[in-house]
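Everything on this sheet refers to the single structure shown next.
The values are calculated or read from the model by the stated rules, or taken from the named source; none is laboratory data. Treat the numbers as computed from the prediction; the structure is a model and nothing was measured. Glycine also receives a Cβ, built like all others from the backbone with ideal geometry; neighbour counts cover every protein chain displayed. Surface accessibility is based on the protein's heavy atoms, side chains included, excluding ligands, DNA and RNA. Shrake-Rupley method; radii C 1.70, N 1.55, O 1.52, S 1.80 Å.
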Amino acid sequence: LGLVVEGFSGKDLADGISMYILSMASQLMRTHACQFLEALGMGDADMLEWANCQIKRHDEAMPNLRNFADPQIRTGVFLLKLLRSVAPECAREELILSGTTEEERAQNARYAISCAHKAGCTVFATWEDVVEGRPRMMLCLLAAIMAEDLRRHAAEPVDKDLPTP
């Protein structure tokens, strides 16, 4: 897989030292997300473009996400609006808070993780990852939402009256 593991060994993992387990899990999640994007012939920038396009279809006023460390992701609003665009049945607009206070950001983050699970996404991130804006975890979360969107579109029936290329 090409993972770089420095500063700890398999014994540290076997001993259950959480810091090392989380470090390894984080690398595995990022590798999974990157392999997913690579299989689609996409990169990080393509996923950001996809997410921004999804948002613009439903909320023209929402500013674009510039990168996975963009401060606006910490409010949870972008993630919730993205989840609404992919799985509207999973996130209710009236429950999305502005995210101006720490408490609102925490509530939005908890709601976003819950909605992602409800939508069927494979979620490795926690609400704390959202509030802290951890770029690697946001990459994994957006990849999971994108994968769910692709799965849903692949399941859509094809209109037989339309010409095929």
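Some notes on this structure:
- Count of region 46-95 residues, restricted to those that are farther than 13 Å from Leu142 by Cβ and in contact with a Cys (Cβ under 6 Å, 6 or more places away or on another chain), is 2.
- When Gly43 is tested against the conditions (1) open to solvent by 40 Å² or more (accessible area, probe 1.4 Å); (2) modelled with pLDDT of 80 or more, the lone failure is (1).
- Candidate set: region 11-34, residues that are of a type in the set (A, V, I, L, M, F, W, C) and touching a Cys at 6+ places or on another chain (Cβ under 8 Å); chosen: the one most open to solvent (accessible area, probe 1.4 Å): Met29
- Among the candidates Leu37, Leu79, Leu83, the residue that is over 20 Å from His117 (Cα atoms), under 15 Å from the mean Cα position of the chain (by Cα) and open to solvent by less than 70 Å² (accessible area, probe 1.4 Å) is uniquely Leu37.
- Filter pass, Glu93 being under 18 Å from Ile145 (Cβ atoms) and over 16 Å from the mean Cα position of the chain (by Cα): yes
- If you filter region 86-115 down to residues that are among the small types (Gly, Ala, Ser) and within 21 Å of Arg57 (Cα to Cα), you find that the one that is surrounded by the fewest Cβ atoms within 10 Å (Cβ to Cβ) is Ser98.
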